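The values are calculated or read from the model by the stated rules, or taken from the named source; none is laboratory data. Predicted model only: the values in this text are computed from it and were never measured. Backbone-built Cβ (ideal geometry, glycine too); neighbour counts: all protein chains shown. With ligands, DNA and RNA removed, areas are computed over all heavy atoms of the protein, side chains included. Shrake-Rupley method; radii C 1.70, N 1.55, O 1.52, S 1.80 Å.
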Amino acid sequence: MLVSTLILNGLVMGAIYALIGVGLSLIFGVLEIVNFAHGQIYTLGALALALLVGHFGFGFLPAAFVSALGVAAFGYILYVLFLQHIRKGEFERGIILTLGIGIVVQNALIYFYGATPQIVDTEFSFRDINFLGLRVEMIKAIAVGFAIVSITALHLVLTRTRFGMAIRALSQNREAALVVGMRPEVVAGHAVVIGTALAGLAGAVLAPVFTVHPLMGAPILFKAFAIVIIGGLGHLPGAVVASLIIGVSESLAGGLGSASLQDAAVFLVMIAMLQFRPMGLFGKGVRI
Amino acid sequence: MASDIALEISDWSVGYLDHPIVRDFSAIFAIGSVTSLIGGNGAGKSTLLKSIFGLNKHFSGKLVFEGKAVEGLSSAARLRSGIGIVPQGRCNFPQMSVHENLEMGAYLLPRAKASAAIESVTELFPMLRRKWRQLAGNLSGGEQQILETAMVLENSPRLLLLDEPSLGLSPRMQAEVFETVNSIRGKGVTVIMAEQNVFGSLMISDRAIVLELGRKFADGPARDVMHDPRIKAAFLGGEPVVETADI
Ligand SMILES: Nc1ncnc2c1ncn2[C@@H]1O[C@H](COP(=O)(O)OP(=O)(O)OP(=O)(O)O)[C@@H](O)[C@H]1O
Ligand SMILES: [Mg+2]
């Protein structure tokens, strides 16, 4: 395969990883919880889209939108029922809790959905577009479009609106947030909704690119962890850059070497990062 | 209830985790009064101030602000009802610019009021305008202290709790902070402050309350406390040496 095609495919995957990694980062920023259920949240988005398109005759775009919304609602319920009650310094409790939630969700999906991988056939599948002289699958181009638009929108919300600035503020200094009159439990809820919506959207737009099945979230989750570690926990631009690095390096490793090297490449980058820049790409203590 | 009372604290026990640090504290604060909280390190000054804003754990006791019980309110609701605090230590958003921090200071204010509030605190502290785009975390300690005070003043609190407001400031800025406190009092704002610069704060205070091991140890007019030999020995280190603006 052409190197340019490999890079392009890598960027596509990177854009999607960014949606997942950014959500993970956002949630960690406000709650200091590493959400081990994030991979299953992503799976939910993909299965919701498969269901809406396959059984309810939705078009791809409305289905992606509804899937993301539904997943965000699910994320909010998880927050109100569980995540909200984890206190500062209960880091391990957060890990065990989200790990447990992830396993429950995954098994429930296997029970209701079956474990067989399914192909999602949308109105955009099996069509190509021409991008700078390269043939790109339309469904991938759309996925990238979604990623770019939603990350840009997220950036604008976080930097231009009081609603979004409050999320950054809370993740930078909780006491100061209280002093200026924020209610941390409300602001953190907003961050969880946005973070899970992005993961749901990632699952939805990737559903037609790969096959969907209840176990698809686990490998993605570990890549998302690699991304937030490379980018610096809680650092959004870092997560975006790290996602693109991961996407491209796994694509090149897979295309030029062997498919079995893909994941190794991702985690080699992560190990190198932990060794040489343990605070992430952008250095020490930087937050969203 | 007399209408010139701003805050009434009764049988107040507050702290962290499982046991109170400040115990059985009672005091009444008149509207427009300035009170210095004095006590050694760990006496519970910060704990008491934070508890009035609801930042730590309340065990028992009543807190009545302007005639309304507020001990059950969230910090946000207390700020809305007119109580503001500038805590000890760094209390800003370090990765946001001075401007963004001031925007966050106005978090509870409607849009139009927010701009006016930002305008008025930048007039009070022109330094903020000069550092407008700088990240708060890159300001000097003293500049951050001023930013944090400004963020709270944006809310025009009627009860202002100041924890070490002059810590890390140059003598000139310290004088400016005390002057600001003094001018705020002129507007009917009630101030309770804990200060390392005991003499400087007593000079602009009507009253002083001495805390020891979380209990009230002495309470009286600032001038009496200033001249109490026991207090002088413990907190003032003999005769005052620093000259401050006379009040
Ligand atoms: N977050 C906290 N959790 C548990 N204990 C705390 C916490 N903050 C303070 N304490 C304890 O409460 C006691 C009183 O502390 P506080 O900060 O109120 O003292 P202070 O009078 O303000 O002292 P300083 O002059 O050093 O500021 C100390 O013994 C301290 O160990
Ligand atoms: Mg203190």
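How many residues does segment A:197-221 hold that are free of Cβ contacts under 8 Å to residues at least 24 places away in the same chain and in a helix (DSSP H, G or I)? Before you say what the answer is, go through the steps one by one.
Step one: list which residues in segment A:197-221 are free of Cβ contacts under 8 Å to residues at least 24 places away in the same chain, which gives A:210.
From what is left, the residues that are in a helix (DSSP H, G or I) are none.
Counting residues in segment A:197-221 that are free of Cβ contacts under 8 Å to residues at least 24 places away in the same chain and in a helix (DSSP H, G or I) gives 0.
Checked against (1) assigned to a helix (DSSP H, G or I); (2) within 30 Å of A:A169 (Cβ to Cβ), A:Q262 meets all criteria but (2). Taking the conditions (1) small (G, A, S); (2) away from chain A (no Cβ under 11 Å); (3) touching a helix residue (DSSP H, G or I) at 6+ places or on another chain (Cβ under 7 Å); (4) within 16 Å of ligand 1 (Cβ to nearest atom) in turn, B:G54 satisfies each one other than (2).
Among the residues of segment A:180-192, count how many are hydrophobic (A, V, I, L, M, F, W, C), within 13 Å of chain B (Cβ to nearest Cβ) and in a helix (DSSP H, G or I).
Of segment A:180-192, the ones hydrophobic (A, V, I, L, M, F, W, C) are A:180, A:182, A:186-188, A:191-192.
From what is left, the residues that are within 13 Å of chain B (Cβ to nearest Cβ) are A:180, A:182, A:186-187.
Going one step further and asking which of them are in a helix (DSSP H, G or I), we end up with A:186-187.
Count: 2.
The numbered conditions (1) open to solvent by 20 Å² or more (accessible area, probe 1.4 Å); (2) in contact with a Leu (Cβ under 9 Å, 6 or more places away or on another chain); (3) assigned to a helix (DSSP H, G or I); (4) more than 11 Å from chain A (Cβ to nearest Cβ) are all true for B:G42 except (3).
Looking only at residues in segment B:124-148 that are surrounded by fewer than 23 Cβ atoms within 10 Å (Cβ to Cβ) and closer than 13 Å to B:T180 by Cα, the one that is nearest to ligand 1 (Cβ to nearest atom) is B:F125. Residues in segment B:140-158 that are of a type outside the set (S, T, Y) and more than 14 Å from chain A (Cβ to nearest Cβ) were compared, and the one that is nearest to ligand 2 (Cβ to nearest atom) is B:G141. Of all the criteria given as (1) more than 22 Å from B:A222 (Cα to Cα); (2) out of contact with any Ser or Thr (no Cβ under 7 Å at 6 or more places or on another chain); (3) not in a helix (DSSP H, G or I), the one not satisfied by B:K62 is (2). Return yes or no: is B:Q95 over 16 Å from the mean Cα position of the chain (by Cα) and at pLDDT below 95? Answer is yes for this residue.
Here the condition is being among the polar types (S, T, N, Q) and within 9 Å of ligand 1 (Cβ to nearest atom); of B:S33, B:S74, B:S46, it holds for B:S46 alone. Against the numbered list (1) buried (at least 23 other Cβ atoms within 10 Å of the Cβ); (2) in contact (Cβ under 8 Å) with a residue 40 or more places away in the chain; (3) under 18 Å from A:E175 (Cβ atoms); (4) of a type outside the set (G, A, S), B:R78 comes up short only at (2). If only residues of segment B:83-94 that are in contact with a strand residue (DSSP E or B) (Cβ under 6 Å, 6 or more places away or on another chain) and away from ligand 1 (no atom under 14 Å from the Cβ) are counted, the one that is nearest to the other protein chains (Cβ to nearest Cβ) is B:G84.
For segment B:87-105, how many residues are open to solvent by less than 20 Å² (accessible area, probe 1.4 Å) and over 24 Å from B:D11 (Cα atoms)? Step through it out loud before you land on a result.
To start, the set of residues in segment B:87-105 that are open to solvent by less than 20 Å² (accessible area, probe 1.4 Å) comprises B:87, B:91-93, B:96-98, B:101-102, B:104-105.
Filter once more, keeping what is over 24 Å from B:D11 (Cα atoms): B:91-93, B:96-98, B:101-102, B:104-105.
Total satisfying the criteria: 10.
Give me a count of the residues in segment B:80-102 that are away from ligand 2 (no atom under 16 Å from the Cβ) and not aromatic (F, W, Y). Adding up the residues that qualify gives 15.
Restricting segment B:28-39 to residues that are part of a strand (DSSP E or B) and more than 12 Å from B:T190 (Cβ to Cβ), the residue that is farthest from ligand 2 (Cβ to nearest atom) is B:S36. Within segment B:8-20, the set of residues being surrounded by fewer than 22 Cβ atoms within 10 Å (Cβ to Cβ) and either over 17 Å from B:K62 (Cβ atoms) or within 16 Å of ligand 2 (Cβ to nearest atom) (or both) comprises B:G15, B:Y16, B:L17, B:D18, B:H19. Residues in segment B:95-112 that are among the hydroxyl-bearing types (S, T, Y) and within 8 Å of chain A (Cβ to nearest Cβ): 1 in all.
Evaluating A:N130 against the criteria (1) touching a residue at least 40 places away in the same chain (Cβ under 8 Å); (2) over 16 Å from A:A50 (Cβ atoms); (3) more than 21 Å from the chain's Cα centre (by Cα) leaves one unmet condition, (1).
Can you find, within segment A:237-282, the residue that is modelled with the lowest pLDDT among those that are within 29 Å of B:G137 (Cα to Cα) and open to solvent by less than 20 Å² (accessible area, probe 1.4 Å)? Ranking the candidates gives A:G280 first. Taking B:R185, is it away from chain A (no Cβ under 14 Å) and away from ligand 2 (no atom under 16 Å from the Cβ)? Criteria met by B:R185. Of B:G72, B:G67, all but one fail to be in contact (Cβ under 8 Å) with a residue 60 or more places away in the chain, surrounded by fewer than 17 Cβ atoms within 10 Å (Cβ to Cβ) and away from chain A (no Cβ under 12 Å); the exception is B:G67.
Residue count for segment B:167-211 under the criterion of being open to solvent by less than 20 Å² (accessible area, probe 1.4 Å) and part of a strand (DSSP E or B): the result is 9.
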